[in-house]
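The values are calculated or read from the model by the stated rules, or taken from the named source; none is laboratory data. Given the structure is predicted, the values throughout are model-derived calculations rather than measurements. Cβ placement follows ideal geometry from the backbone for every residue including glycine, while neighbour counts extend to all protein chains displayed.
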Amino acid sequence: MSPFRALAVAACSLVAACASVLDERAASALREALVRAIGPAASYEVQVTGASIDRSRFERVAVLGTRVVRERAPVIDRLAFELRGVVVDREQKRLVALADSRGELRVRADDLTEFVRRSGWIDDARVTLAAPDRIRVSGRPRVAGIALTGGEGVEIEARLFGSDAQLRLALDRVRIGTASAPPLVRAVLEVAVNPLFDATAHPLPAQIDAVEVDGDVLRIAASGSRLPRP
């Protein structure tokens, strides 16, 4: 079973389970803790099971976030995570411990395009995706504000893969106009584009487990956290 299918089955099982009813203060503290740990979002839906009497500990928390914003990362169009062994400091409204997390992040190609444009290493950037894990970036590359190709357009074809909490590109081909780029330009670009983004500044996830392209959406299976275990 693929990691994506396994995550879908786990999510369905969790939603089907009976959810604990949280009082408004506990629900507010949990949502604020998620914002701090994951990032601000257009919306968060939360379901819990196994809440402690003081509503500071939860056996499981199912999180569904839309349009999640993180620094130095593309907008996450949809985020679905299952957290286990969750401990929340209700006064400070933050996660203080977590046994495990598993889930999926979905990033749209147009959000990747906007993110690459903001990164500053390529002008007039355009990003397209292709199955199973391919990405194509075109534009006019720059390093430290200096054009690498004298203003000519460049097209980069690469494979997307996870390395710890980083999403990286393995360059397969670099073209300048209609010609292949010289090794020096390719080496400079390899350094400039990697990592595409890095989640290590956030408590979770700690590991990118799989990457898959589905139409114009990049699906990233991820797990773990940097929080202490309860």
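Can you name every residue in segment 215-230 that is over 11 Å from Arg106 (Cα atoms) and surrounded by fewer than 16 Cβ atoms within 10 Å (Cβ to Cβ)? Within segment 215-230, Gly215, Arg226, Pro228, Arg229, Pro230 qualify.
Take the conditions of a type in the set (Lys, Arg), at pLDDT 85 or above and under 30 Å from Glu32 (Cα atoms) and apply them to Arg118. Does it pass? Against the criterion (of a type in the set (Lys, Arg), at pLDDT 85 or above and under 30 Å from Glu32 (Cα atoms)), Arg118 qualifies. The residue list Arg134, Arg140, Arg118 contains one member that is without any contact (Cβ under 8 Å) to a residue 60 or more places away in the chain, surrounded by fewer than 16 Cβ atoms within 10 Å (Cβ to Cβ) and among the basic types (Lys, Arg), which is Arg118.
If the condition is being among the small types (Gly, Ala, Ser) and either part of a strand (DSSP E or B) or surrounded by fewer than 18 Cβ atoms within 10 Å (Cβ to Cβ) (or both), then segment 192-205 contributes Ala192, Ala201. When the criteria are applied in full, Leu184 fails the requirement of being among the hydrophobic types (A, V, I, L, M, F, W, C) and modelled with pLDDT of 90 or more. Considering Pro74, Pro40, the condition of being within 14 Å of the chain's Cα centre (by Cα) and surrounded by fewer than 16 Cβ atoms within 10 Å (Cβ to Cβ) is satisfied by Pro40 alone.
Could you say whether any residue in segment 149-164 is closer than 20 Å to Val107 by Cβ, over 15 Å from the mean Cα position of the chain (by Cα) and of a type outside the set (A, V, I, L, M)?
yes
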